[in-house]
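S.K.: Just passing along the structure, written as structure tokens.
The values are calculated or read from the model by the stated rules, or taken from the named source; none is laboratory data. Fair warning: this is a prediction, and the values are worked out from it, not measured in the lab. Here the Cβ positions follow ideal geometry from the backbone for every residue, glycine too, while neighbour counts run over all protein chains shown. Side chains are part of the model used for accessible areas, which takes the heavy atoms of the whole protein and leaves out ligands, DNA and RNA. Shrake-Rupley method; radii C 1.70, N 1.55, O 1.52, S 1.80 Å.
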Amino acid sequence: MSDYLFRGSLEKLDKDIFDLTQIEAERQYRKLIMIPSESTAPMAVREALMSAFQNIYAEGYPSEESRWMSEEEILDHPMRLADYRRNGDPRYYKGVEYADAVEALARKRAAQTFAANGFTANDIYVNVQALSGGPANNAVYQALLNIGDTVMGLDLLHGGHLSHGSPVNRSGKWFKAVHYGVDANEKLDYEAIRQLALEHKPKLLIAGYSSYSWIPDWKKFREIADEVGAYLLTDISHIGGLVAAGVVPSPIGIADVVMSTTHKSLDGPRGAVLMTTKADIAKKIDKAVFPGEQGGPHVNVFAGLALTFKLAQTKQFKKLQDQTIKNAVAMADQFTKRGLRVPFGGTNCHMLNVDCSSVVGEDGTKLSGDQAARILDIIGVVVNRNTIPGDKSAAAPSGIRLGTPWITQRGFNEKQSRQLADIIADVLLACAPHAVDTVRKGKQRRAKVDFKVFNDAKLKIRKLAMGAGIDFKPTKTGYPHFYYIDDKATTGVFELNGQRIRQVLDYVASSDLSALKKGKTQVTSIATPAKKPGRAVWSKVC
Ligand code: DSN
């Protein structure tokens, strides 16, 4: 019999892709990642994602009754299998008896996790099939609106999201989008939002943001929506983990629909969860997600989600989310103390912004968000450039956006978060932005940084990253699930010299060779050209 199963590990079958997976894991290990929408999923979640559920289709939904079953009933396989054999079900495929269980569990546990405001798990209808936040929002539009209806959300430049009616997104092309902004104090002005809603009578009002760093007053949004006859969608994509842990107010039962992505502060697989306490809306949402918006769901993601929502109900998760906020508040305070302006006046969630235009060069040139993000990346802190109030275009943002979920997972507390803010401030304040005339593009911004400040910052980041009281040993089980130990890699003694060899090595090696004292050793990875042109192999040197 022939065997077409392509047996063998990723490493054996495709060394190039294997290497990429490993150097990405190594990057996540070495750098402090402060993208507010990123976190590291537990290894067990990743295990669920690579399970056999990855292989199947399951168009449709589990039985409606499974929403009200207990976990024990869902997992009572003899009962469920007998039921499955005897009766028809709402799926279009056979072979989904276990997919039914895993999706029903993911729905049930999501409802348990988000039960709040007097609404129990049995009052919450959950859909876990949307592939991510954008598609989930699109499904809500499809469920509740007709093309051309008016939607109202926060301006993208002030911290809203693309899928809240941006002209470059489907939400802004198919619907009439009206945007509210922040006031002169960079805060939401609920009376101004109310007046705008009264003027435009949106059919859907959206609260929940991507960089505005305060938790909205869900009840005020409900009142405005009721006054103008609008549905209320709360997009808690960013703060899903915070809401799940109960460390910030929940919009459950206040909003008509609550949407959260599952891979940001929830630390789960990439996906989204749609929740409502209204049976009629639940039906419309289920139809809008499938077959309206997409075909087969990702059943392996259900497995990862079921685990994620189990973990989200633990004390450890609550502590993590609580500390995540404390760390963001500490960083915002430290930046302000250091003279860097924090847009929106601070934070009470997991994210904050820094106005890079606070840094002005001798010729009046201001540091841009892009320059700041690029410089910080080189010292080992990953952030993204972001518009802040006052910016005119998403293409030229003045701010950077930072989030604390991932560093908190690594064990950071307020003290280390303040140290981190100090290091970032040292570097940003040492930047000397200036304008240069270029032949092709005319006037361009450049920034120089004092080398000593820059290098000191790099060393401090390395120390911080290594010293947060966690086992950072790069093993299969250690943080961050990075296990590239190539025993067959070339090892040896190399004599390297040249005028700037320390700087060159410091740049190309994964560890901080500039910190290496004479006669001492350090484990590092270094990219070296292989025999094949354009390919790199990784070797370990001491
Ligand atoms: N890209 C996500 C974020 O970073 O906020 C939202 O879609």
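S.K.: With the condition kept exactly as written, say whether any residue in the range 438-452 is within 16 Å of the ligand (Cβ to nearest atom) and under 26 Å from VAL508 (Cα atoms). If you could, list the steps in order and put the result at the bottom.
M.R.: To start, the set of residues in the range 438-452 that are within 16 Å of the ligand (Cβ to nearest atom) comprises none.
No, every residue in the range 438-452 fails to be within 16 Å of the ligand (Cβ to nearest atom) and under 26 Å from VAL508 (Cα atoms).
S.K.: Further question on the same structure: Taking the stated definitions as given, is ASP377 of a type in the set (D, E, K, R) and under 16 Å from HIS434 (Cβ atoms)? Reasoning before the result, please.
M.R.: Details: of a type in the set (D, E, K, R): yes; under 16 Å from HIS434 (Cβ atoms): no.
Spelling it out, it is not the case that ASP377 is of a type in the set (D, E, K, R) and under 16 Å from HIS434 (Cβ atoms).
S.K.: Taking only pairs six or more apart or across chains, which ones have beta-carbon atoms under 6 Å, a first residue in the range 187-216 that is under 15 Å from GLY153 (Cβ atoms) and at pLDDT 95 or above, and a second residue that is among the hydroxyl-bearing types (Ser, Thr, Tyr) and open to solvent by less than 10 Å² (accessible area, probe 1.4 Å)?
M.R.: Final answer for the pair search is ILE193/TYR180; LEU196/TYR180; ALA207/THR234; GLY208/THR234.
S.K.: Another one. Would you list the helices (runs of 4 or more DSSP H) that sit entirely within the range 161-266 and hold 1 or more residues that are within 16 Å of the ligand (Cβ to nearest atom) and open to solvent by 30 Å² or more (accessible area, probe 1.4 Å)?
M.R.: Details: elements: 170-174, 190-200, 218-228, 240-245.
Of the helices (runs of 4 or more DSSP H) lying wholly inside the range 161-266, those with at least 1 residues that are within 16 Å of the ligand (Cβ to nearest atom) and open to solvent by 30 Å² or more (accessible area, probe 1.4 Å) span 170-174.
S.K.: Any chance the range 63-82 includes a residue that's part of a loop (DSSP other than H, G, I, E, B), among the aromatic types (Phe, Trp, Tyr) and open to solvent by 60 Å² or more (accessible area, probe 1.4 Å)? It would help to see each step written out before you state the result.
M.R.: Our first condition is that a residue be part of a loop (DSSP other than H, G, I, E, B); within the range 63-82, this holds for 63, 69-70, 75-76.
Remaining after also requiring among the aromatic types (Phe, Trp, Tyr): none.
Looking through the range 63-82, none of the residues is part of a loop (DSSP other than H, G, I, E, B), among the aromatic types (Phe, Trp, Tyr) and open to solvent by 60 Å² or more (accessible area, probe 1.4 Å).
S.K.: May I ask you to list the residues in the range 121-139 that are among the aliphatic types (A, V, I, L, M) and either away from the ligand (no atom under 15 Å from the Cβ) or not in a helix (DSSP H, G or I) (or both)? Give the steps one after another, and end with the answer.
M.R.: Residues of the range 121-139 among the aliphatic types (A, V, I, L, M): 121, 124, 126, 128, 130-131, 136, 139.
Once the filter is applied, which keeps residues that are among the aliphatic types (A, V, I, L, M) and either away from the ligand (no atom under 15 Å from the Cβ) or not in a helix (DSSP H, G or I) (or both), the range 121-139 yields ALA121, ILE124, VAL126, VAL128, ALA130, LEU131, ALA139.
S.K.: Name the residues in the range 142-160 that are within 16 Å of the ligand (Cβ to nearest atom) and open to solvent by less than 10 Å² (accessible area, probe 1.4 Å), would you? Before you say what the answer is, go through the steps one by one.
M.R.: If we filter the range 142-160 for residues that are within 16 Å of the ligand (Cβ to nearest atom), which is where we start, we get 153-160.
Passing the criteria: GLY153, LEU154, GLY159, GLY160.
S.K.: Among the residues of the range 14-38 satisfying the criterion of being charged (D, E, K, R) and closer than 19 Å to HIS350 by Cα, which is modelled with the lowest pLDDT?
M.R.: Initial filter on the range 14-38 (charged (D, E, K, R)): 14-16, 19, 24, 26-27, 30-31, 38.
Then drop every residue that is not closer than 19 Å to HIS350 by Cα, which leaves 31, 38.
Values: LYS31: 91, GLU38: 98.
Residue satisfying both the conditions and the ranking: LYS31.
S.K.: Only one residue in PHE53, PHE6 is hydrophobic (A, V, I, L, M, F, W, C) and either within 16 Å of the ligand (Cβ to nearest atom) or not in a helix (DSSP H, G or I) (or both), so which one is that?
M.R.: PHE6
S.K.: Now, a different point. Quick one: in the range 288-298, which of the residues that are among the small types (Gly, Ala, Ser) and farther than 18 Å from ARG170 by Cα is surrounded by the fewest Cβ atoms within 10 Å (Cβ to Cβ)? Don't jump to the end; show me each part of the working.
M.R.: Our first condition is that a residue be among the small types (Gly, Ala, Ser); within the range 288-298, this holds for 288, 292, 295-296.
If we keep only those that are farther than 18 Å from ARG170 by Cα as well, we get 295-296.
Values: GLY295: 9, GLY296: 14.
Among residues in the range 288-298 that are among the small types (Gly, Ala, Ser) and farther than 18 Å from ARG170 by Cα, the one surrounded by the fewest Cβ atoms within 10 Å (Cβ to Cβ) is GLY295.
S.K.: In the range 267-280, which residue that is among the aliphatic types (A, V, I, L, M) and crowded, with 20+ Cβ neighbours inside 10 Å is farthest from the ligand (Cβ to nearest atom)? Walk me through how you get there before you give the answer.
M.R.: If we filter the range 267-280 for residues that are among the aliphatic types (A, V, I, L, M), which is where we start, we get 272-275, 279.
Next, from what is left, pick out any that are crowded, with 20+ Cβ neighbours inside 10 Å: 272-275.
Details: ALA272: 10, VAL273: 15, LEU274: 16, MET275: 18 Å.
Only one residue fits best here, namely MET275.
S.K.: Right, something else. May I ask you to verify whether ILE285 is surrounded by fewer than 24 Cβ atoms within 10 Å (Cβ to Cβ) and in contact (Cβ under 8 Å) with a residue 24 or more places away in the chain? Walk me through how you get there before you give the answer.
M.R.: Values: surrounded by fewer than 24 Cβ atoms within 10 Å (Cβ to Cβ): no; in contact (Cβ under 8 Å) with a residue 24 or more places away in the chain: yes.
The answer is no for ILE285.
S.K.: If I go through the range 411-430 residue by residue, how many of them are surrounded by fewer than 21 Cβ atoms within 10 Å (Cβ to Cβ) and not in a helix (DSSP H, G or I)?
M.R.: 3
S.K.: May I ask you to verify whether ALA101 is under 24 Å from GLU293 (Cα atoms) and either free of Cβ contacts under 8 Å to residues at least 40 places away in the same chain or assigned to a helix (DSSP H, G or I) (or both)? Step through it out loud before you land on a result.
M.R.: On the way: under 24 Å from GLU293 (Cα atoms): yes; either free of Cβ contacts under 8 Å to residues at least 40 places away in the same chain or assigned to a helix (DSSP H, G or I) (or both): yes.
The answer is yes for ALA101.
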